[in-house]
Amino acid sequence: MNQQAICELAELAAAVPDGAKLAVAQDNCGVSMAATRELVRRGVRGLHLVCVPVSGLQAEILVGAGAVATLETSAITLGEFGPAHRFIDALRKKRIRILDSTCPAVHAALQAGQKGLPFIPLRGLIGSDVLANRKDWKVIDNPFSPGDPIALLPAINPDIALFHAPLADRSGNVYIGRRRELLTMAHAAKQTFVTVEAISEQDLFDDPKMAPGAVPAIYINRIAIAKQGAWPVGLPEHYGCDDAALSRYVNSAKTEDGFRRFLDEWLGEAAVTV
Amino acid sequence: MNQQAICELAELAAAVPDGAKLAVAQDNCGVSMAATRELVRRGVRGLHLVCVPVSGLQAEILVGAGAVATLETSAITLGEFGPAHRFIDALRKKRIRILDSTCPAVHAALQAGQKGLPFIPLRGLIGSDVLANRKDWKVIDNPFSPGDPIALLPAINPDIALFHAPLADRSGNVYIGRRRELLTMAHAAKQTFVTVEAISEQDLFDDPKMAPGAVPAIYINRIAIAKQGAWPVGLPEHYGCDDAALSRYVNSAKTEDGFRRFLDEWLGEAAVTV
Amino acid sequence: MSIPYSRTELLVAVIARLLEGCRHVTVGASSPIPGAAALLQKDLSGGAMRVTILGSNRYNAYTNGGVETFDMAAQGRIDAFFLGGGQIDGQGNINLVGTGSYPESEVRWPGSFGSAYVYYLVPKVILFREEHTRRVLVPKVDFISSPGVSAPGVYRPGGPYGLLTGLAWFSFDKQKRHFRLETVHPGHTVEEIRDQTGFEFDCPAQVPLTPAPEPEILALIRGRIRKQIAETYPRFASTFAN
Amino acid sequence: MSIPYSRTELLVAVIARLLEGCRHVTVGASSPIPGAAALLQKDLSGGAMRVTILGSNRYNAYTNGGVETFDMAAQGRIDAFFLGGGQIDGQGNINLVGTGSYPESEVRWPGSFGSAYVYYLVPKVILFREEHTRRVLVPKVDFISSPGVSAPGVYRPGGPYGLLTGLAWFSFDKQKRHFRLETVHPGHTVEEIRDQTGFEFDCPAQVPLTPAPEPEILALIRGRIRKQIAETYPRFASTFAN
């Protein structure tokens, strides 16, 4: 972390360059919708979005806003609220390149990135069209047991990992609790940007009960305060998802026009900061 | 975990069969010296001891007592207290097979075990005599980048992981805090046996601050209470190592006779249980 | 004399029976009926069976992030799991991606999730899809998110145990690579199943009816289980008996 | 006019200078002098340099267990690290395992620890061994825990930066694959270095003396740094000035 890690939301978004390989968290695991809005506001383009391992509203909006060139994910789902219309439309119109994956493959490739491995093997996959369509994956014969084919995945090292967390401290440590994929993302990524509900005046490492759930400051490059920063997605143990807002979104996004109207309104709202 | 996870120390030790591949933690990370004493008392033989990634008094005593057939470790050290005489003597007399390793290789191979991978690649190693002496390791050409040799390590899946922790609860969850290698050990091992300072009446998962530092009960097969169970090794945040006892040990263990006298005395002491 | 029950209640009871003897069952996202069934069997087992429900806080004791489910599957610590599919074919192949040509897809679904992995590794994968139509149960899936069977030599300790729909329960024969109709749910017929199924399946001369839930099972479902599943699926729990 | 100082204090000051410009330095187990030096340079950098001391509680903010040090090294997040060796040879090979034939070894040391990895990956590895004798600095090590240089094609962003002993500081030339005598510690001579070194090394016509620690550096070492290192190495801190 540099000394100026704590910054404004707009600065954080401005530091995500066009074309970046951006890793984002799954719903209810720390989705920074606040930063997503700032990214759309600044008109980011050409992202390679890596969903860890799936995404919902965040990917759907970034795709709809034309910010995404490549989408690497195991699924895009808005769950019971309905289809991800903008995602489906972008695929049909060939506006994005899709790298369909499977959850453990995203996790394993990020863990390879975390460990500085060039690749990692993974079971499963063989005989699936997921593998058949991933020209970047390989199948080799297990060198320890001939006649045992196994898939190899190249490591994922995102340029930037982006997520939302309940708490950071003044040293730049971020609390994630049990949401360990956020730690893996931060380790694997070149830089990590985080929005948080609040900044604690107490150092997380001064409390032996908090330290095990922390991402150390050395991995964290930017932190912006964004209260309710996951909204309308939820942040477990803090707030649930906003069902009405999500239903409204899915309804609006059925058409491109409807989505544009949604965007105008959403971008018009001021970001909630302190 | 089965329903009878909480048991007596002697039962725990009796459940470690001769010849087991036993993974143990490094000093100050949760060394179960209490279980080690019970293992020596029951006369366990033929262990394949995997030190994660190094060991001290625990491996030294198990080797000295004749319990170890194969020793897989990145180092055996008693630090400033002096040489590990019984370890050195056993090597010289060819009483044990040594698999010299390097710390990140032990960690990576256990992580492969945790993930159910047959092997994992690792950087470094090439050109070292560590690699040259590990006939179980291989070097391949990186399939993604020809001309880039890389080592492959087979996964380590211990029969039993054994460590000492500050706390367990009645459900069988065990608190390890920041000592995450203990989690990896438990995930990779077929069974996990733990000694603890105390049993909490509160479920660790009922406290969101404790849960991130827990090994879930599903990985835990036996738990025995052993107060000061790491002694004379330390348990950070609980007690330091007993310098006088360690110095005394190193002094005794200079000769095989001296070590035998130490053992007699040590085994004569009652285990501290509740 | 039998007590009236809903289709949801029948399916919960059927799945619970299928889980008998499991030590640990994991239920994926958006799976309220399998979740309720797993909790029911856990209750019936006297707590001997463990249940992990992804998306639940109470029934999820994982501490290594999202990867832990998959690592556990690979470790052999998950005995049963549930998968669905926009399309399922007679060889047990499942498609969670879309119809028509890939990647443009005529109909696009969310994606493969963890199917291309857990289907290989979990011994008892129960395919569960309420809709039983030729749209879903097809001769051949358009995209194989995960195959029902694998070539010899492919590491595959897991695979399909059977297929449960709103109309019937089929077992899967890994050797013969196809389904066998085992029971038809009360109110439905073998002819209806044939009409609505797009793939060939084995069919014995006499197909028994799926047993109705016993009164004490129904009472459990409507009582304790409904409360337990409400933590993860509140809306589902409120429409349980419909 | 110079203030009297101990050899320990000199070594701490020398290492601190070598660490200038690093963003993050990690110090392994049983390394009190490198630990003190890293804390000194951190202080001099105004906190811009991060220090991780394995074995410390205060200077260790890791949350992923023992593997995190090695993963960080592979990520390029550690700029400098320290290694020693029972034997070190003129090609920068280090031996932490033992002398004579392997595995019986005439003299057996603890083992290679993480050297067979970090030596390849950390850009600035400082070899540090106080004992400067032909027993330690040998023509060829008996066991290569980790090689000083690697064959072309081997992934190796890291390696030896130099060798500091109780008598002198050598830099390492990766192209030429050998050491160069840079400075001799006050009170010692080039002849003494030659006598005590078992391998060939480059030696300029004039070898400067290792600069003595400035008074303000000595004051820092004896004040703040001594207190800070006492957390991890209490006994060492109490014998600092001896």
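Annotations for the structure displayed:
- Counting Lys and Arg as +1 and Asp and Glu as -1 over every other residue whose Cβ lies under 12 Å from the Cβ of C:PRO213, the net charge comes to 0.
- Label-to-label distances for A:GLY19 across copies, nearest first, come out at 6.1 nm, using points 7 Å from Cα in the beta-carbon direction.
- Net charge of neighbours whose Cβ lies under 12 Å from the Cβ of C:VAL125, counting Lys and Arg as +1 and Asp and Glu as -1: +2
- Gyration tensor (Cα) of chain A, equivalent ellipsoid semi-axes in angstrom: 29, 26, 15
- Chain B: relative contact order in percent, alpha carbon pairs under 8 Å with at least 6 residues between: 21 percent
- Square roots of 5 times each gyration tensor eigenvalue, C-alpha, the range B:1-152, largest first, Å: 30, 20, 13
- The two copies D and C are related by a rotation, and the chain D beta carbon nearest its axis, with distance in whole angstrom, is D:ASN64, 5.
- Surface/4 of the Cα convex hull for the range D:136-242, nm²: 9.7 nm²
- For a paramagnetic label modelled on B:SER145 (point 7 Å from Cα along Cα→Cβ), amide N atoms under 14 Å away belong, within the range A:151-181, to A:154-157.
- Quotient of C-alpha Rg and 2.2 N^0.38 Å, computed over the range A:182-274: 1.38
- The GluC sites (Glu not before Pro) of the range B:177-274 that meet both conditions, a loop assignment by DSSP and at most 10 other Cβ atoms within 10 Å of the site Cβ, are B:GLU201, B:GLU237, B:GLU269.
- The tail of the calculated P(r) for the range A:202-254, taken as Cα-Cα distances beyond 12 Å, holds 76 percent of the pairs.
- Counting only trypsin sites (Lys or Arg not before Pro) that DSSP places in a loop and that have at most 11 other Cβ atoms within 10 Å, the longest clean stretch of chain A runs over A:136-274.
- Charge context of D:CYS203, other residues only, Cβ under 9 angstrom, K/R +1, D/E -1: +1
- Counting every pair of alpha carbons in the range D:34-139, the share spaced more than 21 Å apart comes to 44 percent.
- With helices as the sole contributors, chain A gives -8000 deg cm²/dmol at 222 nm; each DSSP H run of n ≥ 4 counts as -39500 (n - 2.57), and the sum is divided by every residue.
- Whole-number D in µm² s⁻¹ for the range A:1-76, Kirkwood Cα-pair radius fed into Stokes-Einstein, 4 °C, 1.567 mPa s: 103 µm²/s
- For the range D:1-94, the Cα-based Rg and Dmax, in that order, read 14.3, 49 Å.
- If R0 equals 41 Å, the separation of the Cβ atoms of B:ASP207 and B:GLU8 corresponds to a calculated FRET efficiency of about 0.90.
- With its label point put 7 Å out from Cα toward Cβ, D:ILE3 sits 8.6 nm from the same residue's point in the other copies, in order from shortest.
- D:GLU106-B:GLU265 FRET efficiency (beta carbon distance; Förster radius 25 Å; 0.05 resolution): 0.20
- Computed log₁₀ I(q)/I(0) - Debye formula, equal Cα scatterers, no solvent, chain C, q 0.12, 0.17 Å⁻¹: -0.67, -1.37
- Values of log10 I(q)/I(0), in the order q = 0.13, 0.16, 0.22 Å⁻¹, for the range C:62-195 under a Debye, Cα-only, solvent-free model: -0.56, -0.83, -1.32
- Nm distances between copies for C:GLY100, ranked from closest, using label points 7 Å along Cα→Cβ: 7.8
- Here the range B:63-134 yields Rg over Rh of 1.02, to two decimals, using C-alpha coordinates and the Kirkwood radius.
- Applying the Karplus relation 6.51 cos²θ - 1.76 cosθ + 1.60 with θ = phi - 60° to the range B:20-26 yields 3J(HN,Hα) values of 5, 8, 10, 9, 10, 8, 7 Hz, where x marks Gly and Pro.
- For the range B:101-196, radius of gyration divided by Kirkwood radius, i.e. Rg to Rh on alpha-carbons: 1.09
- Alpha-carbon Debye profile of the range D:85-144, log10 I(q)/I(0) at 0.14, 0.24, 0.29 Å⁻¹: -0.37, -1.04, -1.34
- Entry note: the protein assembly as shown has Rg to Rh equal to 0.99, where both radii use alpha-carbon atoms and Rh is the Kirkwood radius.
No lab work stands behind these numbers, since they all come straight from the coordinates. Predicted model, so just to flag it, every value in this text is computed and none were measured. Glycine also receives a Cβ, built like all others from the backbone with ideal geometry; neighbour counts cover every protein chain displayed.
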